[in-house]
Amino acid sequence: MTEAVAGIRELVAVVSEGEGYSGGEPDNAERSALAAEILCYFATRTGLADTLMVDLVTDLMHLCDRLDIDFAGVLNVAAMHHGEERGDD
């Protein structure tokens, strides 16, 4: 449980580092802060802090199944965007 609490604290720290939406194209700090904020919310709903990212991705896969969206295709495009955006740092 201590590791889970430490993980949540790390997420909260990332959220607090984000500067919020600036109105333009977000930088990677803002992107990661938004993702951390979503993970914090997900943790409050599920209570599954130790496997948080895996559980969220798995739930997104279930949502894609339900909406007939190709998750592998989404993941490929996301990986491509991530590769392009890593140059923003």
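Values in this text are rule-based calculations from the coordinates and carry no lab data. A quick note: this is a predicted structure, and the numbers were derived from the prediction, not measured. Here the Cβ is made from the backbone with ideal geometry for all residues, glycine too, and neighbour counts use every protein chain on show.
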### Query
Separation between the Ala72 and Asp59 pseudo-spin-labels, each 7 Å from Cα along Cα→Cβ, expressed in nm?
2.6 nm
#### Entry: Full-extension gain in nm, Asp50 to Asp27, via 0.36 nm per residue minus C-alpha separation
5.5 nm
### Query
More than 19 Å apart: what percent of Cα pairs in the range 33-89 qualify?
43 percent
